[in-house]
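Participant: Here you go, one structure.
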Amino acid sequence: MTTPLSFVQPTADSPWGTYLMQVDRVVPYLGHLARWVDTLKRPKRALIVDIPIELDNGTVAHFEGYRVQHNMSRGPGKGGVRYHPDVTLEEVMALSAWMSVKNAAVNLPYGGAKGGIRVDPKLLSIKELERMTRRYTSEIGIIIGPQQDIPAPDVNTNPQIMAWMMDTYSMNTGTTATGVVTGKPIHLGGSLGRVKATGRGVFVTGREAARRINLDLNGARVAVQGFGNVGSAAAELFAQAGAKIVAAQDHTGSIYNSNGFDLSELIPHVKATGGVGGFKGAEKMGNEEFWDTACEILIPAALEGQITADRARRIKAKLVLEGANGPTVPTADDILADRGVLVVPDVICNAGGVTVSYFEWVQDFSSFFWTEDEINVRLDKIMVGALKRIWEVADQHRITLRTATFAVACERILTAREERGLYP
């Protein structure tokens, strides 16, 4: 007898509700492992912390922080830390669960975890940001570690924040623990290729998917939502392959150019101004209009819950590549499938980041570092191999790539659970 969790109230389209529906869809393909499926429907551990810091003006502010470890049957927890005003326990739980699936889908020896602080980091000075990061790291320090749970960058966090986290953990343990986080600066044990790894994974899976549906990337029109680390890196690689980036949207607005943007001008503009809004080489478009863009490939690389049922009916693309985590709600998933739009799901599409995080972790343990070319070749090989296995399952059962990815990943997680048995 398993009762529902008391500390979240998910709805059909909320992050945890979306994840639970995705798990339910995979149960028919789990065979005898289905008896363990409730393992996937509850996090192993959820830590909520208070983060008090002194602001530059002398007042004391309190922030709400989380670290959730969803499942660690296959190895230590692995997952990012996001700083965003909309962070909630439910969101972090869903993100940690998607990390469990993602790590298993590409067969990395990790479980899923995620962290977050409910804050708008743009409102903090650099010193306040550092104090908050260090206090948060100290508070969650009881459950993280190089062989326990390894944080990484996510929304609004970057190599500098990872450096502060690593230093704080190292000071508290009396050792230089480079392996406690990934996505660090190169000088502190970071890995070459890590910054663009997630975007590269989106491109690699997109290239393979385009091949499957006979879509020529040369001249293909691409629309990108979210032009941060993931969206811009994916856009660059698609442009190098001959595609045209015709539309982009982020928190500063939406822009369009039917001939494709000049990325050598757009990317510096985004770095200088913080977003795509106001870019001279494009015309402005309405934010809702973005979803009507005539394109072959759509890359949602912003936040979760962006492709709703209404937007799914309007999308013109043949191929949707989920650079963000959980960008498509389940009702929209069904509409896209009925319309014959191929969706490469987040849990494989954006797994390039965690794959190179794994490379970084391995390099930190061995104190031996690889070249960027070696890293990109290994990333390509792992992503292509993982996608091939998922496609075999999709073809065998005639199911979507998302359900197939969950089938492959959940089978691996639950096999590990079964083989380990229950303690005590």
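Participant: Can you tell me the order of 10-17, 348-355 when each peptide is scored by its average per-residue count of other Cβ atoms within 10 angstrom, highest first?
Facilitator: 348-355, 10-17
Participant: Check every DSSP H run in the chain and write down those whose alpha carbon atoms cover 18 angstrom or more along the long axis and whose mean Kyte-Doolittle hydropathy is -1.0 or greater.
Facilitator: Membrane-span-like by this rule: 89-105, 159-173, 197-212, 352-366, 372-397, 401-420.
Participant: Follow-up question, since we're still on this one. So if I restrict to the alpha-carbon atoms in region 213-278, what is the Rg, and what is Dmax, the biggest pairwise distance, in Å?
Facilitator: Spelled out, the Cα radius of gyration and Dmax of region 213-278 are 11.3, 38 Å.
Participant: What order, most packed first, do the peptides 102-114, 334-346 have when packing is the mean number of other Cβ atoms within 10 Å of each residue?
Facilitator: Per-residue mean Cβ counts within 10 Å order the peptides as 102-114, 334-346.
Participant: For Val224, which sequence-distant residues (separation of 5 or more, or a different chain) have an amide H within less than 5 Å of its own amide H, given hydrogens modelled in the peptide plane?
Facilitator: Hits under the 5 Å cutoff: Ala247, Ala248, Gln249, Ile299.
Participant: Take the residue pairs Lys114/Lys388; Lys44/Lys78; Lys184/Lys381; Lys44/Lys196; Lys102/Lys388; Lys122/Lys284 and return only those whose Cα atoms are more than 21 Å apart.
Facilitator: Checking Cα-Cα distances, Lys114/Lys388; Lys184/Lys381; Lys44/Lys196; Lys122/Lys284 exceed 21 Å.
Participant: Then there's this: Probe radius 1.4 Å, ligands and nucleic acids ignored: give me the carbon and sulfur share of the accessible area of the chain as a rounded percent.
Facilitator: 52
Participant: Over all alpha-carbon pairs in the chain, figure out the percentage whose distance exceeds 27 Å.
Facilitator: Summing the P(r) tail past 27 Å for the chain gives 50 percent.
Participant: Next question. What FRET efficiency do you get for Leu55 and Asp292 if R0 is 45 Å and r is their Cβ-Cβ distance, rounded to the nearest 0.05?
Facilitator: 0.55
Participant: Taking a cut-off of 17 Å between Cα atoms, list the lysines near Lys318, but don't count ones fewer than 8 places away on the same chain.
Facilitator: Candidates past the 8-residue exclusion: Lys244.
Participant: If packing is taken as the average count of other Cβ atoms within 10 Å, what order do 43-53, 188-198 fall into, highest mean first?
Facilitator: Averaged packing, sorted descending, gives the order 188-198, 43-53.
Participant: Taking the Cα centre of each part, how many Å lie between region 365-424 and region 88-166?
Facilitator: Region 365-424 and region 88-166 have Cα centres separated by 22 Å.
Participant: Let me ask another. Compute the projected area of the convex hull of the Cα atoms of region 172-211, averaged over all viewing directions, and report it in nm² to one decimal place.
Facilitator: For region 172-211, averaging the hull's shadow over all directions gives 3.5 nm².
Participant: So what are the three principal axis dimensions of region 4-149 from its Cα atoms, in whole Å, longest to shortest?
Facilitator: Principal-axis extents of region 4-149 (Cα, largest first): 60, 34, 24 Å.
The values are calculated or read from the model by the stated rules, or taken from the named source; none is laboratory data. Every value quoted in this text rests on a predicted model; they were computed, and no experiment measured them. Positions of Cβ are generated from backbone atoms using ideal geometry, with glycine treated the same way; all protein chains shown enter the neighbour counts. Note: accessible area is taken over every heavy atom of the protein model, side chains too, but ligands, DNA and RNA are not part of it. Shrake-Rupley method; radii C 1.70, N 1.55, O 1.52, S 1.80 Å.
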